[in-house]
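Trainee: Dumping the structure here so I can ask a few things about it.
Values in this text are rule-based calculations from the coordinates and carry no lab data. All values reported here derive from a predicted model rather than from experimental measurement. When we count neighbours, we look across all protein chains shown, and the Cβ atoms used for this are built from the backbone with ideal geometry, even at glycine.
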Amino acid sequence: MDIANLPIRKLNTLFNKKDLKPSELYSKIFDNAVGSEASLHAHLTLFEEENIKKAKESDGRFEKGTAQSLLDGIPLAIKDNINIKGYKTTCSSKMLSNYTSPYDATVIKKLKESEALFTGKTNLDEFAMGSSTENSAFGLTKNPWDTDFVPGGSSGGSAASVGARSSIAALGSDTGGSIRQPASFCGLVGFKPTYGTVSRYGLIAFASSLDQIGPITKTVDDSRILFSAISGQDSRDATSIANDQVDIPSDKTAKIGVIKELMEDGISDEARNEVSKVIETLKTSGYEVKEISIPIIKLAISIYYLIAPAECSANLARFDGVRYGLRIDGNTSYEMMENTRAEGFGKEVKRRILLGTYALSAGYYDEYYGKALQARKEMIDEFTRAFNEVDYLISPTTPTQAFKAGEKTSNPLEMYMSDLCTIPANLAGLPAISIPTGVTNDNLPLGVQIMSRALSDESLLNFSEIIEKEIQFDQQPKGWV
Ligand code: GLN
């Protein structure tokens with residue numbers, strides 16, 4: 001038995017039975033992280049000293065029988081756009097390369113209360129803009145299944161870390177698919193909760209109306225445990241909502257819809273086959289499955305690439321050399337700002353700021369941003385109609401398996417296409433999960449995505465767990481543990 005492979009509940013049982021100590025688990029996890037770092041570069045920082053001390057404290061609680069939380073002593077990796085007090089939060093940008101967090105994000109505060117350990121900060125596409133973790137100012141991350149391939153993005157470091165068993169689970173952030181897409185590329189579960197159920201306080205903003213923190217894990221149950229630990233209304237995030245869950249059926253009375261538009265052109269045969277496999281399994285178990293059309297999904301990428309850049313151009317205006325991070329001097333304050341932003345931001349971030357500023361400028365606002373907002377409203381309405389007919393919507397998570405490093409870097413539009421299936425859930429604020437279902441001929445994993453109505457996260461997790469048990473995907477990348 002390799003302890004780094006075990007799910008959280010099982011580890012907790014071993015701790016309680018005194019068959020395993022949190023410090024022993026941590027030392028194994030840390031060795032895995034150090035051992036794989038040179039080949040994968042999943043992490044920007046690894047924390048060791050503090051964890052050795054914390055893991056020992058955790059040992060003590062289990063010895064005395066006073067440990068309360070399922071996450072006590074569980075090593076978690078954190079995407080480097082989430083603030084942990086006293087440590088650097090770089091967003092993989094030169095702009096913040098020397099920025100030390102003066103406070104904890106709400107999710108971190110909650111995980112500290114749960115006595116979880118933080119293994120380190122993981123690599124990402126700069127400011128979470130990208131689909132491959134190649135847009136990092138600090139080098140690219142590789143896919144633990146095959147290092148010629150990308151791990152997906154932007155939470156590629158978190159996915160590679162869990163994939164290589166360098167952490168038990170991780171947090172990522174998802175604005176257009178950045179949790180689900182890398183989870184799919186790395187054979188893991190990636191869960192984007194209903195917008196607002198997890199506080200964004202302390203997550204460095206990319207596109208505030210779309211950003212959502214969530215878990216990347218090996219099992220659905222691990223995602224459930226993390227979601228329950230990090231969710232809840234937070235007065236520090238005005239968009240956060242109470243996690244008042246609605247119950248929808250997850251047993252055989254549940255109705256399943258297959259999204260027609262996400263089974264057509266632009267989706268590889270392999271990705272489609274994974275969905276078909278799950279549908280067959282569900283039908284055999286007695287579920288009702290039918291096709292559902294959501295025509296506006298075809299416009300999701302166009303809508304997203306107006307709204308996300310517009311919000312990012314406003315959010316990133318704060319990086320001006322005055323308040324945070326990098327400052328490159330100039331003769332005037334304007335010159336200083338210009339120099340700082342020219343030097344501090346990478347190519348993709350600049351592209352988005354330009355696009356967003358243009359879309360928001362007087363004269364174009366109604367034509368671009370205003371239209372995108374209208375179309376977003378239409379998308380929400382189309383999903384509402386769909387959820388009057390079915391309880392869950394199923395689709396591929398990604399149009400293809402992971403692509404090779406370098407393959408799409410010179411063609412941003414092609415890169416943007418890899419979020420075709422994931423973006424709609426962000427635009428509509430819905431919970432969505434990717435669960436691994438199989439491997440392709442290249443021995444790379446693929447997942448399927450399931451969505452449900454807002455605030456039905458727990459039912460979605462229950463339903464996903466049923467599929468997880470039926471499909472029994474138990475493969476893992478080789479050579480890391
Ligand atoms: N890949 C998408 C983008 O580049 C989504 C990123 C994300 O979810 N953070 O914007």
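Trainee: Would you mind working out the magnitude of the charge dipole of the chain relative to its Cα centre, with +1 at each Lys and Arg C-beta and -1 at each Asp and Glu C-beta, to the nearest 20 Debye?
Mentor: About 840 debye.
Trainee: Divide the volume of the convex hull of the Cα atoms of region 336-449 by its number of residues and quote the answer in cubic angstrom per residue.
Mentor: Dividing the Cα hull volume of region 336-449 by its residue count gives 146 Å³.
Trainee: List every residue whose amide H lies under 5 Å from the amide H of residue 117, counting only residues 5 or more places away in sequence or on a different chain, with H placed 1.01 Å from N in the peptide plane.
Mentor: 73, 74, 76
Trainee: Quick one: what are the phi-derived ³J(HN,Hα) couplings along region 381-394, Karplus 6.51/-1.76/1.60 with θ = phi - 60°, whole Hz, x for glycine and proline?
Mentor: 5, 5, 5, 4, 4, 4, 6, 7, 9, 9, 8, 10, 10, 10
Trainee: Answer rounded, prolate or oblate for region 346-409, using the Cα gyration tensor with square roots of eigenvalues a ≥ b ≥ c: rounded when a/c is under 1.5, else prolate when a/b is larger than b/c, else oblate.
Mentor: oblate
Trainee: Out of 136, 440, 360, whose Cα points farthest toward the positive end of the dipole of the chain (charges: +1 Lys, Arg; -1 Asp, Glu; placed on Cβ)?
Mentor: 136
Trainee: Report ³J(HN,Hα) in whole Hz for each residue of region 282-290, in order, from the Karplus equation J = 6.51 cos²θ - 1.76 cosθ + 1.60 where θ = phi - 60°; Gly and Pro get x.
Mentor: Each residue of region 282-290 in turn: 5, 4, 4, 7, x, 7, 8, 10, 9 Hz.
Trainee: With +1 on each Lys and Arg Cβ and -1 on each Asp and Glu Cβ, and nothing else charged, work out how big the dipole of region 11-95 is about its Cα centre, in Debye to the nearest 20.
Mentor: So the dipole magnitude of region 11-95 works out to roughly 240 debye.
Trainee: With a ≥ b ≥ c taken as the square roots of the eigenvalues of the C-alpha gyration tensor of region 188-233, please select rounded if a/c is under 1.5 and otherwise prolate if a/b is larger than b/c or oblate if it is not?
Mentor: Working: a/c = 2.41, a/b = 1.69, b/c = 1.43.
It comes out prolate by the Cα gyration axes.
Trainee: Which far-off residues, 5 or more places away or on another chain, put their amide H under 5 Å from the one on residue 266, with H placed in the peptide plane?
Mentor: none
Trainee: Report, in whole Å, the centroid distance computed from the Cα atoms of region 53-113 and region 229-295.
Mentor: That distance is 31 Å.
Trainee: Mind ranking 262-271, 15-24 by how tightly packed they are, going by the mean number of other C-beta atoms within 10 angstrom, highest first? If you can, show how the numbers build up before the last one.
Mentor: Details: 262-271: 15.7, 15-24: 17.2.
Highest-to-lowest ranking by the protection proxy: 15-24, 262-271.
Trainee: Right, next: Across region 208-224, in residue order, what do the Karplus-derived ³J(HN,Hα) couplings come to in whole Hz, using 6.51 cos²θ - 1.76 cosθ + 1.60 with θ = phi - 60° and x for Gly and Pro?
Mentor: Couplings: 4, 7, 10, 4, 8, 7, x, x, 10, 9, 8, 10, 5, 4, 4, 5, 4 Hz.
Trainee: If you project the alpha carbons of the chain onto their three principal axes, what span does each projection cover, largest first, in Å?
Mentor: The Cα atoms of the chain stretch 65, 53, 44 Å along their principal axes.
Trainee: Moving on. Counting Lys and Arg as +1 and Asp and Glu as -1, each charge on the Cβ, what is the dipole of region 80-143 about the Cα centre in debye, to the nearest 20?
Mentor: The dipole of region 80-143 has a size of about 160 debye.
Trainee: For residue 213, list long-range residues whose amide hydrogen, built 1.01 Å from N in the peptide plane, is under 5 Å from its own amide hydrogen.
Mentor: 174
Trainee: Under the rule of -39500 (n - 2.57) per DSSP H run of 4 or more residues, summed and divided by the residues of the chain, what mean residue ellipticity at 222 nm is obtained, to the nearest 500 deg cm²/dmol?
Mentor: Helix contribution divided over all residues of the chain: -11500 deg cm²/dmol.
Trainee: Per-residue counts of other Cβ atoms within 10 Å, averaged by peptide: what ranking do you get for 299-310, 91-102, highest first?
Mentor: In decreasing order of mean packing, 299-310, 91-102 become 299-310, 91-102.
Trainee: Starting with the highest mean, order 246-253, 127-134, 42-49, 223-230 by the number of other Cβ atoms within 10 Å, averaged over the residues of each peptide.
Mentor: 127-134, 223-230, 42-49, 246-253
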